[in-house]
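The next block holds one structure in the form of structure tokens; read it before the comments.
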Amino acid sequence: MIIDANNIESKSIFKADICILGGGIAGIVLANELLSTNKNIILLESGSEQYDDKTQGLYEAESTPSIFPNPRASRLRFLGGSSNHWENSTERFSPIDFKKRDWISDSGWPLTYGELEPYYTKAEEYAKVDKGGYQFEFWKEKFNSTDIFSKSTLFSSTVSKSSLYPTQFYREYGDNLARAKNIKIITNANVVNLKYNTETQVVNSAIFRTFKDEQHQVDANTFIMCFGGIENARMLLTFNEKYKNKLGNEYDNVGRYFMEHPTVRAAHFLPLQENKLDKIYEGTIDDELYITARASLSEAAQMAHRTNNLRMYFTKRSKIELSAGISSSHIISNSIKNSETPEEFGGHLLNIIKDIDHIAEAFLRKELDTSFFDSTHEFGGYQIISMIEQTPDRNNRVQLGKEKDSLGIKKVKIDFRVTETDKEKTWTTLELLAKDPSIQSIGRVRLLKDRDSRIWTSQLGFGQHHMGTTKMSDNVKSGVVDPSLKVFGTKNFYISGSSVFPTGGHVPPTLTIIAVTIRLAHTLKSTILT
Amino acid sequence: MTNLTRRKFCSLLLLTIAAPIGSSSADAIAPNSIRNSSNEPSSALNECESVYKEWIKNEKMSPAQYFFQKIQEYQLNPQQTSEATTLDFEHNNFFEVNGLKLGKTEASFLAIIGSNIAM
């Protein structure tokens, strides 16, 4: 049953066994998994079944660093959450992503890959990417491809998969939930606080409001918060203002260790004549799945070279897109704007002269919306796009600002940087790729170190994956939730989503979000609910 | 003869002579322009020129000296640049130009071409 909070009586009190806060991917999966318990479930969703600008505005941050996108633009606040606009790119985390690595501070999950593995299979069914597995060998044979890393001891080819079209979780599973007798989905229900008993450590109620300024509450035995990587921290910090950090924040960990997947375009791959990469590396379709092969650094190599995990894929580019001259012209023009002379001025000038046709083409495209030089559109090579595992950094954090949103909840301010160490580790991995014997027979790699400052600032991309702000730990001093995802200091309050990830891995987090959520449902079913 | 025509002439002449020796190397740094007669070969040749300039800046030995010494050391003949590159990659013997990682032997060969263009 779906209930619009705008249509309920003033100061309503709902009773339930389980209250799920948030109807995004994690909330929907959790509700779906718990349906079979026949317990009464209430799911509170801030939005409704459709996008609404006023509700979306609740994501607006007070401040973010200039390089970092405002969460208002990267998340979606209605049923289905960000699955309403995701690419559905999925891959499992690697076993090494869960391990304590002495060269990555604060790494290590309190659970192993093996413990999560059984839940990945079901997670793949949810995301509709379960056909064929993730083994490169299977897809290589299917597409009659060659493995470019067959001779390599450091790198291997792995695949990521997306379903076509991307799975929108509310559209896919919403009917099932709406038809169920033991669940109520309350829309336009914005959670603003909890009622928590500091003596018993029990959360008794969730308070929610509407834009009509009506306030209601849900009383339940168990609460699970699934608001997303930034909002989980924001709301937990909000609750803790009232309850003096008793909810998982005794050691000031809530909002800290905020991680993303910085994405850099720091190298080009230039294949030998007539030796383009097989279509599997460029991305290809097979029966409602989009398959892309990419380069993966082995666990042994990561250990030997003390690097972070990294996902590298090859994107086909034209000559104009790989032009060093265009990049140099940007560097020079930026320097002139700042009244500076760039380093290696002569080299940049030379690049411009060499690529004058590409620069002219870019200018004509921009100013006159027309194309002039045919050759600039010809295949030029591949851009190597690297999605980086970030080292957890206590100073990268989500905090409450001073400004409030239209419901009176403080907006977030976000501190975020990519450390020099993480940048160096990225260059190390790209260097290893450039020198790998498997590359020698198919092409050469150009590292764009001369563009370093732009690569890590104006050209820096993000996976839009928000992680780590309510991290899982077996120790209250270093985390917010325990390995069962229960918030420290509480007996019945849980969190799910990428905010519980202690490290972010090197692949999009959604499949792992679903896996940890199914695991949580399993835990709840086998312990608390029986 | 314009500068560009002279460059084209010199480079095409060199490539004709050296094609069996350095095909893989030239292709590697200029994947789609150098062998396509309809394309302007200047970008590949500019790369060779850059290799040459980088070489004389950093190396004591001339590119030709290095090339023949290395070929001998690897017990190859000058037509086997590709094999020399394989061995360079295996022995971590690299030369970097504008971020491009090349086997040092192929780099010396490209520098030989570049030296003629830079004349």
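Taken together, the values in this text are just the output of simple stated rules run on the coordinates, not laboratory data. Quick caveat: nothing in here was measured; it's all calculated off a predicted structure. Every residue, glycine as well, gets a Cβ built from its backbone with ideal geometry; the counts of neighbours run over all protein chains shown.
Starting from 0.36 nm per residue, how many nanometres of slack lie between A:SER63 and A:ILE8 once their C-alpha separation is accounted for?
16.3 nm
Where Lys and Arg each count +1 and Asp and Glu each count -1, what net charge lies around A:ILE8 among other residues with Cβ under 11 Å from its Cβ?
0
Counting Lys and Arg as +1 and Asp and Glu as -1, what is the net charge of the other residues whose Cβ lies under 12 Å from the Cβ of A:LYS435?
For residues surrounding A:LYS435, the net value is -2.
Taking the simple approach of a point 7 Å from Cα along Cα-to-Cβ for both A:GLU424 and B:ASN116, what is their distance in nm?
Result for the modelled spin labels: 4.4 nm.
Quantify how strongly other chains surround peptide A:441-454 by giving the mean number of their Cβ atoms within 10 Å of each of its Cβ atoms.
Whole-number average of other-chain Cβ neighbours for A:441-454 is 3.
When the chain is fully extended, how far beyond the present Cα-Cα distance does A:ASN197 get from A:HIS305, taking 0.36 nm per residue of separation?
33.9 nm
Taking Cα centroids, how far is the stretch A:254-297 from the stretch B:70-119 in Å?
29 Å
If you keep only loop residues by DSSP, which GluC sites (Glu not before Pro) in the stretch A:309-360 have at most 16 other Cβ atoms within 10 Å of their Cβ?
A:GLU340, A:GLU343, A:GLU344
With the cut-off at 1.5 for a/c, could you classify the stretch A:1-112 from its C-alpha gyration tensor as rounded, prolate or oblate?
Taking the square roots of the gyration eigenvalues as a ≥ b ≥ c, the stretch A:1-112 is oblate.
Dipole magnitude of the stretch A:237-348 about its Cα centre, charges +1 at Lys/Arg Cβ and -1 at Asp/Glu Cβ only, in debye to the nearest 20?
240 debye
Place a point 7 Å from Cα of A:GLU141 in the direction of its Cβ. Which residues in the stretch A:152-177 have their backbone N less than 13 Å from it?
Within reach of a label on A:GLU141: no residues.
Would you mind checking the pairs A:LYS122/A:LYS471; A:LYS276/B:LYS53; A:LYS15/A:LYS195; A:LYS212/A:LYS244; A:LYS276/A:LYS319 and listing those with alpha carbons more than 21 angstrom apart?
In this structure, A:LYS122/A:LYS471; A:LYS276/B:LYS53; A:LYS212/A:LYS244 exceed 21 Å between Cα atoms.
Which GluC sites (Glu not before Pro) from the stretch A:170-250 combine a DSSP loop assignment with at most 11 other Cβ atoms within 10 Å?
Those satisfying the criteria are A:GLU199.
At 0.36 nm per residue, and after removing the present C-alpha to C-alpha distance, how many nm does the segment from A:SER150 to A:GLU87 gain when stretched out fully?
Gain in length upon complete extension: 19.8 nm.
Which shape class applies to the stretch A:73-142: rounded if a/c is under 1.5, otherwise prolate when a/b exceeds b/c and oblate if not, where a ≥ b ≥ c are the square roots of the Cα gyration tensor eigenvalues?
It is oblate, given that a/c is not under 1.5 and a/b is not larger than b/c.
Would you please give the residues with an amide H less than 5 Å from that of A:PHE208, counting only those at least 5 places away or on a separate chain, with H modeled from the backbone geometry?
Excluding prolines and chain starts, which carry no amide H, the hits are A:VAL192, A:HIS216, A:GLN217, A:VAL218.
Kindly state, to the nearest 0.05, the FRET efficiency for A:GLU250 paired with A:ASP175, given R0 = 35 Å and r defined as their beta-carbon distance.
0.25
Search the structure for amide H atoms under 5 Å from the amide H of A:GLU62, placed 1.01 Å from N in the peptide plane, and list their residues when 5 or more places away or on another chain.
Counting only residues 5 or more places away or on other chains, the set is A:VAL412, A:LYS413.
Just how large is the dipole of the protein assembly as shown about the Cα centre, in debye to the nearest 20, putting +1 at every Lys and Arg Cβ and -1 at every Asp and Glu Cβ?
1200 debye
Relative to a virtual label point 7 Å from the Cα of A:LEU460 in the Cα→beta-carbon direction, which members of the stretch A:85-107 show backbone nitrogen distances below 11 Å?
From the stretch A:85-107, the list is empty.
Distances longer than 44 Å among the Cα atoms of chain A: what percent of all pairs is that?
Across chain A, Cα pairs with separations above 44 Å total 20 percent.
Over all distinct Cα pairs, what is the inverse of the mean 1/r for the stretch A:248-363, reported as the Kirkwood hydrodynamic radius in Å?
After inverting the mean inverse Cα-Cα distance, the result is 18.6 Å.
What FRET efficiency comes out for the pair B:GLN80/A:SER36, r = Cβ-Cβ distance, R0 = 60 Å, nearest 0.05?
0.30
Using the crude model of +1 on Lys and Arg Cβ and -1 on Asp and Glu Cβ, and no other charge, please compute the dipole size for the stretch A:382-493 relative to its Cα centre, in debye to 20.
Using Cβ point charges on Lys, Arg, Asp and Glu, the stretch A:382-493 gives about 400 debye.
Can you pull the one-decimal nm distance between simple spin-label points at A:TYR165 and A:LEU111, each 7 Å off the Cα toward Cβ?
Output for this residue pair reads 3.3 nm.
Please report the projected area of the stretch A:194-303's Cα convex hull averaged over all directions, in nm².
Orientation-averaged projected area of the Cα hull: 14.6 nm².
Compute from the Cα atoms of the stretch A:374-515 the Rg and the Dmax, the latter being the longest Cα-Cα distance, and quote both in angstrom.
That works out to 20.1, 67 Å for Rg and Dmax.
Choose one of A:LEU433, A:TYR173, A:ASN309: the residue whose Cα lies farthest towards the positive end of the charge dipole of chain A (beta-carbon charges +1 Lys, Arg; -1 Asp, Glu; about the Cα centre).
So the residue furthest toward the plus end is A:TYR173.
What percent does the relative contact order of the stretch A:1-86 come to when contacts are Cα pairs within less than 8 Å and at least six residues apart?
30 percent
Give me a comma-separated list of calculated 3J(HN,Hα) values for the stretch A:10-23, in order, Karplus coefficients 6.51, -1.76, 1.60 applied at θ = phi - 60°, integers in Hz, x for any Gly or Pro.
Listing the rounded values in order: 4, 6, 5, 10, 9, 10, 8, 7, 10, 10, 9, 9, x, x Hz.
What are the lysines whose alpha-carbon lies under 17 Å from the alpha-carbon of A:LYS142, with same-chain residues fewer than 8 places away excluded?
A:LYS131, A:LYS161, A:LYS279
Under the classification rounded if a/c is under 1.5, otherwise prolate if a/b is larger than b/c and oblate if not, where does the stretch A:126-189 fall, given a ≥ b ≥ c as square roots of the Cα gyration tensor eigenvalues?
Prolate.
Given the -39500 (n - 2.57) contribution per DSSP H run of 4+ residues, what per-residue ellipticity at 222 nm results for the protein assembly as shown, rounded to the nearest 500 deg cm²/dmol?
Rounded to the nearest 500, it is -11000 deg cm²/dmol.
What is the projected area of the convex hull of the Cα atoms of the stretch A:463-528, averaged over all directions, in nm²?
With every direction weighted equally, the projected area is 4.4 nm².
Efficiency by 1/(1 + (r/R0)^6): what FRET value for B:GLU73 and A:GLU288, r their Cβ-Cβ distance, R0 = 51 Å, to the nearest 0.05?
That gives a FRET efficiency of 0.40.
Which residue, A:SER333, A:PHE462, A:ILE320, has the largest displacement toward the positive end of the dipole of chain A when charges sit on each Cβ (Lys, Arg +1; Asp, Glu -1)?
Projecting each Cα onto the dipole axis, the largest value belongs to A:PHE462.
So what's the gap between the Cα centers of the stretch A:81-148 and the stretch A:1-30, to the nearest angstrom?
Here the two parts' Cα centres lie 31 Å apart.
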